[in-house]
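The values are calculated or read from the model by the stated rules, or taken from the named source; none is laboratory data. What you are looking at is a predicted structure, and each value in this text was computed from that prediction instead of being measured. All Cβ positions, glycine included, derive from the backbone under ideal geometry; neighbour counts span all protein chains shown. Accessible surface is based on the protein model in full, side chains and every heavy atom, while ligands, DNA and RNA are left aside. Shrake-Rupley method; radii C 1.70, N 1.55, O 1.52, S 1.80 Å.
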Amino acid sequence: MSTIPRTQDRIGANLHSILSAIKSASSPYQRPVRLVAVSKLFPPEDIQAAYDAGQRHFGENYIQELAGKASALPNDIKWHFIGALQSNKCKALAEKVPNLWCVETVDSRKKAHLLEAGTVAGGREESLRVFIQVNTSGEERMPLEYDDDVNPV
Ligand SMILES: *Cc1c(COP(=O)(O)O)cnc(C)c1O
């Protein structure tokens, strides 16, 4: 018998300690706090272990990886797309991941339209939640995120 906890048990134990830290930190505020577990680059077995321990919201940053995991893992997972999103990936993202729950961040009208086109093409029944990123300070954008219709608000 091994005394080293299996990865699955470790993930469950870590999740519970994070949730209890969030609970005590947020209790004075009486506002619900949601933990989004960033699962990019982690294998599906690790995500399944967190799922088995009760976690449902997961964040991914690469479309191919997300689409693959979404089809292999339980369909009541609520996937979040986090970080920079290129316009040319928006339609496929919304179309290929039926349980995509939220896209963080949408920073152009063009991306919003392309996400909408993907939700229609994918026959989604539920609206897609999005966080809208607004550049309020006139900051220059990072080259990676460069797009041709930045901030057409
Ligand atoms: C990967 C990622 C995170 C979390 O990064 P860690 O490596 O877990 O600290 C947060 N936000 C975005 C946009 C990411 O892509």
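What to note about this one:
- Cα-only Debye scattering, the chain: base-10 log of I(q)/I(0) at q = 0.09, 0.10, 0.17, 0.20 Å⁻¹: -0.35, -0.43, -1.03, -1.22
- Each label was represented as a point 7 Å from its Cα along the Cα-to-Cβ direction; for E126 and Y29 these points are 2.4 nm apart.
- The order of Y51, Y29, Y62 by accessible area, most exposed first and with a 1.4 Å probe, is Y29, Y62, Y51.
- For V38 and S71, the difference between the fully extended length at 0.36 nm per residue and the C-alpha to C-alpha distance is 10.1 nm.
- Shown is the FRET efficiency for T136 and R6, computed with R0 = 41 Å from the Cβ-Cβ distance and rounded to the nearest 0.05: 0.30.
- Its relative contact order, with pairs defined as Cα atoms under 8 Å and 6+ residues apart, puts the range 7-132 at 19 percent.
- Surface accessible to a 1.4 Å probe, L85 within the full protein complex, Å²: 10
- Residue-level accessible surface for H57, protein heavy atoms, 1.4 Å, Å²: 20
- Where labels lie 7 Å past Cα in the beta-carbon direction, separation of K110 and I18 in nm: 3.4
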